[in-house]
Ligand SMILES: [Mg+2]
């Protein structure tokens, strides 16, 4: 006879599992921002993906030529802290807008990808090993 397992606490309590990603407020704010400026026609997936890439480049530039140790301090360094926050915000805004325009449910997408990654990188084979799997 198979062992009995208790159902997850959220099911026992009749609760919905807590979302991993809830950007609904941010999506609404970005949509309003674009609508008020009549920028929606410019928010094609192509343009948003390109803008996202540009913002990632601006973020990466802050780390260029730094040592590993120095890179750990950029968010605390008075000379770069504000820019790090600004560029991370820019990346998030364009990523969230791109997902909205493409009708990608970020919570579902992240849950699915985390499950895929957990199968791809089992703990017993991956612990302490930064090498990427070459498998499917
Ligand atoms: Mg920027």
**Request:** Give me D for the chain in µm² s⁻¹, whole number, from Stokes-Einstein with Rh from the Kirkwood sum over alpha-carbon pairs, 20 °C and 1.002 mPa s.
**Result:** 114
**Fill in**
With only helices counted (DSSP H, runs n ≥ 4, each -39500 (n - 2.57)), the per-residue ellipticity at 222 nm for the chain, to the nearest 500, works out to -17500 deg cm²/dmol
**Fill in**
When 91, 104 are ranked with the fewest other C-beta atoms within 10 Å first, the list becomes 104, 91
**Request:** Compute the relative contact order of region 45-120 as a whole-number percentage, counting only Cα pairs closer than 8 Å that sit 6 or more residues apart in sequence.
**Result:** 39
**Prompt:** Once Rh is set to the Kirkwood radius over Cα pairs, what Stokes-Einstein translational diffusion coefficient, in µm²/s, holds for region 36-87 at a temperature of 37 °C and a viscosity of 0.692 mPa s?
**Reply:** 258
**Ascending count of other beta-carbon atoms within 10 Å, so fewest first, for 55, 36, 124, 108** = 124, 36, 108, 55
**Fill in**
Stretched fully, the stretch from residue 26 through residue 46 gains (0.36 nm per residue minus C-alpha distance, one decimal, in nm) 5.1 nm
**Choice from 77, 90, 105 with maximal GNM fluctuation in the chain (Cα, 10 Å cutoff)** = 77
**Item:** Potential extension, residue 36-residue 74 segment - 0.36 nm per residue separation minus Cα distance
**Value:** 10.2 nm
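Readers should treat all values here as calculations from the given coordinates under stated rules, not as data from a laboratory. What you see is a predicted model; the values in this text were computed from it and never measured. A quick note on method: Cβ atoms are made from the backbone with ideal geometry, for glycine too, and the neighbour counts reach across all protein chains shown.
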